[in-house]
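The values are calculated or read from the model by the stated rules, or taken from the named source; none is laboratory data. None of the values given here were measured: they were computed from a predicted structure. Positions of Cβ are generated from backbone atoms using ideal geometry, with glycine treated the same way; all protein chains shown enter the neighbour counts.
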Amino acid sequence: MTTVAFFLIPKQDVIFLEDRATMRQTLEKMEYHRYTAVPLIGEQGRYAGTLTEGDLLWKIKNTPDLTFDNTSKISLKQVPRRMQTLPVGINHHGGTDWPGH
């Protein structure tokens, strides 16, 4: 049986953003690293969710007058996420037995 640990990248090698970052910072980091999604870390350094290119696109589409130039004024906390990605423990083997479920 394979554990989640088999698929993990060491924490120091993970590219992430703080959830208080701006859309501009996010777009630039995602472009530079060629990522389509990035994990978000909250104020206590804990996982706060995953942000995708689609989340950013929908925010741009649904916000009148939002341009690339003023994305630096939009916090990631203002960007709705379409999907909730839950964390799992390192010893998780499948199913729904992670904490909180």
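In this structure, does Asp65 turn out to be exposed (fewer than 10 other Cβ atoms within 10 Å of the Cβ), more than 22 Å from Ala5 (Cα to Cα) and either among the charged types (D, E, K, R) or at pLDDT below 95 (or both)?
Values: exposed (fewer than 10 other Cβ atoms within 10 Å of the Cβ): yes; more than 22 Å from Ala5 (Cα to Cα): yes; either among the charged types (D, E, K, R) or at pLDDT below 95 (or both): yes.
So Asp65 passes the test.
Consider Thr36 against the criteria (1) out of contact with any Ser or Thr (no Cβ under 8 Å at 6 or more places or on another chain); (2) without any contact (Cβ under 8 Å) to a residue 60 or more places away in the chain: it satisfies all of them except one. Which criterion is unmet?
(1)
Residues of the stretch 12-24 being surrounded by fewer than 15 Cβ atoms within 10 Å (Cβ to Cβ) and closer than 25 Å to Thr67 by Cβ, which ones? Spell out how you get there, then give the answer.
Taking the stretch 12-24 and keeping what is surrounded by fewer than 15 Cβ atoms within 10 Å (Cβ to Cβ), we get 12-15, 18, 20.
Glu18, Arg20, listed by residue number.
Closer than 13 Å to Leu76 by Cα and acidic (Asp, Glu): does that describe Asp13? Spell out how you get there, then give the answer.
On the way: closer than 13 Å to Leu76 by Cα: no; acidic (Asp, Glu): yes.
Spelling it out, it is not the case that Asp13 is closer than 13 Å to Leu76 by Cα and acidic (Asp, Glu).
For residues that are out of contact with any Ser or Thr (no Cβ under 6 Å at 6 or more places or on another chain), in a helix (DSSP H, G or I) and not hydrophobic (A, V, I, L, M, F, W, C), scanning just the stretch 43-68, find the one that is farthest from Met30 (Cα to Cα).
Of everything passing the filter in the stretch 43-68, Lys61 is farthest from Met30 (Cα to Cα).
For the stretch 1-42, which positions are assigned to a helix (DSSP H, G or I) and touching a helix residue (DSSP H, G or I) at 6+ places or on another chain (Cβ under 9 Å)?
We begin by selecting, within the stretch 1-42, every residue assigned to a helix (DSSP H, G or I); these are 4-7, 11-13, 23-33.
Result: Met23, Arg24, Gln25, Thr26, Leu27, Met30.
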